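These notes concern the structure reproduced below.
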Amino acid sequence: MNAQTAPGSPLPVVIDTDPGIDDMLALFLALASPELDVRGVTVSYGNTVVENAYRNAVEIMRRAGKRITLGVGARRPLKRPLATAHETHGDSGLGYAALPPAGVILDFVKSLERLLADQRQPVTLVTLGPVTSLALALRSDPDLVRAKVARHVAMIGNIAAQGNTTRYAEFNAWCDPEALDLVLKAELPTEMVGLDVTRQALLAPQEITRLGTAGAPQARWIQDALRFYMEFHKRAEGLDGCIVNDVLPIAALVKPAALTFEEQRLVVDLEEGDHRGHTRPDPQGARVRVATAVDMGPVRSLLSERVFRWAARPAAAPSRSQEARA
Ligand code: RIB
Ligand code: CA
């Protein structure tokens, strides 16, 4: 039980995400988990531009059959030039998956700060992309963020594990190291779920191929996204399969025993070059709970039962009215 919730009541969660293929699986898992009360989702630049991330999040919610408050966080880093991971996630952000065109984002769409302000009780904030959205909220109203964010769980960084953007840095940290520096120094209760554990969240090729044989539209759509992601992993790291980093923080909210944490003091390197975004221990650093070990058993079960099995169910027969309209 988390400090925020009574025994058995769903955990209020806000997710800031840059969908993104592994973000897509994480969102489907979160939306399919009755243990979580997803109070809202904000999208950020990162794997793709924010307009695509918004379009992708709308399509993911539509396919999940959920109506969740959707806001927009950061459109670009605090000061670094915008760089997206189109080679990893495709120009759309979701690989080969079919998508409607992305539109412009209307100005009235809620920011993360606004979405947090609307919460009646403190939430667990999960960030699955760069932490620029959170940094902007902290810069604008730190007291609001402290009042509404009981706990910040971030897929970000790496300690002993090799980076995936440079040999020292993980993508979300590399995108906006100044934002991560600001967030670390705020010392919200922050938990870092980095590459040291997420590199073990490897989906095997046969798990992806199996989705395509289900003959179900949702499974085929998810497979179209994962196929692109798997091709990237083969090219970039010679891996068979693909690493679904963002599933881990969500699964660990449902199954806390899946992750083991250690309290560490961390800093993030701000210089340019290979060390940009390198998160490393430093006695003068900020206090962070760092995930140091993972039991992938519960994670795989949740992903298999709540996402892949759900996606593989046969398409619902058209209703009589739909037949009549056909
Ligand atoms: O480094 C992996 C992280 O960067 C994941 O969150 C992935 O979606 C990208 O955002
Ligand atoms: Ca992500």
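Taking all protein chains into account, the per residue accessible area for the chain stands at 43 Å² (1.4 Å probe). Taking only protein heavy atoms and a 1.4 Å probe, the accessible area of the chain is 51% carbon and sulfur. Of all beta bridges that DSSP places with both ends in the chain, some 35 percent have antiparallel geometry.
The fraction of Cα-Cα pairs per 10 angstrom bin, counted from 0 for region 212-258, comes to 25, 34, 37, 5 percent, rounded to whole percents. Taking the Cα centre of region 87-193 as origin and assigning +1 to Lys and Arg Cβ atoms and -1 to Asp and Glu Cβ atoms, the resulting dipole is close to 320 debye. Once you've got the GNM for the chain with C-alpha springs shorter than 10 Å, pick whichever of Leu302, Leu184, Leu82 has the biggest mean-square fluctuation. Among Leu302, Leu184, Leu82, the largest GNM mean-square fluctuation belongs to Leu82.
When the Cα gyration tensor is reduced to axis lengths a ≥ b ≥ c, the ratio a/c stays below 1.5 for region 108-150, which is therefore classed as rounded. Taking max minus min of the alpha-carbon positions on each principal axis, region 179-229 gives extents of 49, 21, 18 Å, largest first.
Using the alpha carbons alone, the radius of gyration of region 8-101 stands to its Kirkwood radius in an Rg to Rh ratio of 0.99.
For the chain, the relative contact order is 19 percent, taking Cα pairs closer than 8 Å that sit 6 or more residues apart in sequence and dividing their mean separation by the residue count. Taken along its three principal axes, the alpha carbon spread of region 2-53 comes to 39, 16, 12 Å, from the longest extent down to the shortest. Share of Cα-Cα pairs in region 100-249 beyond 26 Å, in percent? Here the long-distance tail beyond 26 Å is 40 percent of all Cα pairs in region 100-249.
Set the Cα radius of gyration of region 73-130 against 2.2 N^0.38 Å, with N its number of residues, and you get 1.44.
Shape index of the chain: Rg/Rh, with Rg the Cα radius of gyration and Rh the Kirkwood radius from the inverse mean 1/r over Cα pairs, equals 0.95.
Any aspartates and glutamates with Cα under 17 Å of the Lys148 Cα? List them, leaving off those in the same chain fewer than 8 positions away. Within reach: Asp16, Asp37, Glu113, Asp118, Glu187, Glu191.
The values are calculated or read from the model by the stated rules, or taken from the named source; none is laboratory data. Note that the structure is predicted; figures quoted are calculated from it, not measured. For neighbour counting, all protein chains shown are included, and Cβ atoms are generated from backbone atoms with ideal geometry for every residue, glycine included. Accessible surface areas use protein heavy atoms only, side chains included; no ligands, DNA or RNA. Shrake-Rupley method; radii C 1.70, N 1.55, O 1.52, S 1.80 Å.
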